[in-house]
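Here the structure is laid out as structure tokens; the discussion comes afterwards.
The values are calculated or read from the model by the stated rules, or taken from the named source; none is laboratory data. Bear in mind the structure is a predicted one, so any value in this text is a computation, not a measurement. Neighbour counts run over all protein chains shown; Cβ positions are idealised from the backbone, glycine included. Please note that ligands, DNA and RNA were not included when accessible areas were found on the heavy atoms of the full protein model with its side chains. Shrake-Rupley method; radii C 1.70, N 1.55, O 1.52, S 1.80 Å.
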Amino acid sequence: MAEPELVDVVVVGLGVGGDEVAGKLAEAGLSVVGIERDLVGGECPYWGCVPSKMMIRAANALAEARRVDGLAGTAQVRPDWAPVAKRIREEATDTWDDRVAVDRFVGRGGTFVRGSGRLDGPGRVRVGDRVFQARYGVVLGTGTRPSIPPLPGLADTPYWTNHQAIEVEELPASLLSLGGGAIGLELAQVFARFGVQVTVLERSERVLAVEEPESSEVAAAALRADGVTIETGVGAERVSHDGQHFTVHAAGGAEFTAERLLVVTGRRAHLAELGLDTVGMDPDQRYLPVDDRMRAGDGIWAVGDLTGEGAFTHIAMYQAAIVVADLLDHARRATAGPDPSGTASVVGGAVGAASGVPAAGGPASAGSGSAGSGTAASGAVGSGVAGSGAVGAGVGGPQGVARADYLALPRVTFTDPEIGAVGLTERQARERGLNVQVGFAELASSTRGWIHRGDGFIKLVADADRGVLVGATSAGPAGGEVLAGLVVAVHAAVPISQLRHMIYAYPTFHRAIETALHDLR
Ligand SMILES: Cc1cc2nc3c(=O)[nH]c(=O)nc-3n(C[C@H](O)[C@H](O)[C@H](O)COP(=O)(O)OP(=O)(O)OC[C@H]3O[C@@H](n4cnc5c(N)ncnc54)[C@H](O)[C@@H]3O)c2cc1C
């Protein structure tokens, strides 16, 4: 057995969350080993948020050009996928090469190891024939992978996950999307706008089933207007492939056929691979539960999708900031005893000095993405969403370390119109027994919405007893951007009376919020 190499922290999985934690801890002066088996940066820059939003940007440009007729003259649009594929290859992913991201991590002071990491007892991680013993802690940031339903026949077919859909160079003539959640709808609309015959098959009675029913209606109507066929309540029973086409055989004898099959039926963590049993933890859980400081167990922290707290890059970054602050606090206490001031500093050097490792020099927020070559994968996720400097800036717990709080969790489905939501849906609020009030306004009730001819709405969910919003949805041409004000309202529990007395700029989309506030009942 290899002699364990002693380091301060081992981070397994350098996706959005793990890369951020590992880089920040290394900058703070800790000796950090970061282990990644695929590409540093993870799903978001290579097969998720960034390339999919590039696709959406292109598809929306087509849609906007098609709106010229009757509004501003005439326009002829000839879609071409080639520039989209090229942009994803060259600008987003460096042709799926993480060299720049690896260099950036090493430049921040980390030690990089390519391979699959696995716990091998308390504080110990094995990767290939190397074993690392962590002085302060192990951070798991291994994310999720597509959850493939156990449909007979499916495994033997060349179905697509988001990976093949993002990497596609030439579009198929037709596509079935098995799954009508956010990812399925975003990709379905993109491909339809580029001329692909798309059918969405959704098991639930409505697409986007986790959001408000009104959101499902708006999204379904928009996709149908783009030529997408939406079939809900479809219980897929088996899949066949004849070498050219896929057929999904559904309950009741219905069959759906297309050239490609995209499976987007959710994602799952693969805990069984992580050696959790060697530290007395249950590897058979769906996700790895963590406390509000992201601690999964003694000396083990977890970050990102595998915690099951919401599969979003902004959640991974939010959690990463908490992990960094808590781990630095833990390391400082372990080395130097309690801080008489009772506060945890996460500025570079504070722990470095304690652990005998020279400080990286400069604040923990410095440098994210700065070494990038300009591609999104090499820097944009880190620098754009990093929340740089936010570490430790949140509301402090007893020890000054920010605690995770998901009450105002924002999420955006980037269909056109965009559907942004924060906090509780009406149904969730009622299930919690709140004294619920709901306010609604069509976007067209605002002058800007009417001028724009854009579909959408604002829906507010209030706790009447407290006089605050606990949830909201903003659907519209800029639904994800309009959401920001609603996130502040939910996050800071701004009194509704105060929201009603705000001044809303005329004629913006967000004036519909004011209308919805006056509709609360
Ligand atoms: C198509 C698509 C679009 C999306 N769009 C958005 C969006 O618009 N906005 C948004 O906020 N989110 C979006 N997401 C979600 C976002 O990508 C994830 O929430 C984010 O990537 C989670 O980061 P993570 O660090 O938890 O995991 P990941 O990014 O999945 O990274 C985990 C890393 O761990 C590595 N790994 C796993 N096991 C091991 C092991 N044993 N040893 C070593 N390495 C290991 C993996 O190779 C991977 O690189 C999208 C996702 C998809 C699929």
How large is ³J(HN,Hα), in whole Hz, for each residue of the range 127-143 in order, when computed from phi with the Karplus curve 6.51 cos²θ - 1.76 cosθ + 1.60 and θ = phi - 60°, using x for Gly and Pro? 9, x, 9, 10, 10, 10, 10, 8, 5, 10, x, 10, 10, 9, x, 8, x
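Regarding the range 186-251, what whole-number volume in Å³ per residue does the convex hull of its Cα atoms give?
Values: hull volume 5.6 nm³, N = 66.
Considering the Cα atoms of the range 186-251, their hull volume per residue is 85 Å³.
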Separation between the residue 86 and residue 282 pseudo-spin-labels, each 7 Å from Cα along Cα→Cβ, expressed in nm? 5.3 nm
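Just the number please: accessible area per residue for the chain, 1.4 Å probe, all protein chains included, in Å².
On the way: 22110 Å² over 521 residues.
Here the per-residue accessible area is 42 Å².
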Name the shape class, rounded, prolate or oblate, that the alpha-carbon gyration tensor gives for the range 140-244, where a ≥ b ≥ c are the square roots of its eigenvalues, rounded holds for a/c under 1.5, and otherwise prolate holds if a/b is larger than b/c and oblate otherwise. rounded
Just how far, in whole angstrom, is the range 469-486 from the range 1-36 if you go by their alpha carbon centroids? 37 Å
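With the full set of protein chains in place, find how many percent of the accessible area of the chain is carbon and sulfur; take the probe as 1.4 Å. Spell out each step's value before the answer.
Numbers: 11220 of 22110 Å².
Answer for the chain is 51 percent, counting heavy atoms of protein chains only.
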In µm²/s, what is D for the chain at 20 °C and 1.002 mPa s, where D = kT/(6 pi eta Rh) by Stokes-Einstein and Rh is the Kirkwood radius from Cα pairs? 88 µm²/s
Quick one: ranking 54, 502 by accessible area, 1.4 Å probe, largest first, what do you get? 502, 54
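Jot down the per residue volume, in cubic angstrom and as a whole number, of the convex hull over the alpha-carbon atoms of the range 208-309.
Values: hull volume 17.1 nm³, N = 102.
In the range 208-309, the Cα convex hull volume per residue is 167 Å³.
Could you order the peptides 225-237, 22-34, 247-259 from most to least packed, using the average number of other C-beta atoms within 10 Å per residue? Show your work: numbers first, answer last.
On the way: 225-237: 16.8, 22-34: 28.9, 247-259: 15.2.
For the peptides 225-237, 22-34, 247-259, the packing ranking is 22-34, 225-237, 247-259.
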Roughly what % of Cα-Cα distances in the range 434-509 sit above 21 Å, to the whole percent? 25 percent
Just to check I understand the Karplus step: with θ = phi - 60° and J = 6.51 cos²θ - 1.76 cosθ + 1.60, what whole-Hz values come out for the range 205-216, glycine and proline as x? 7, 8, 6, 6, 5, 7, 9, 4, x, 5, 5, 4
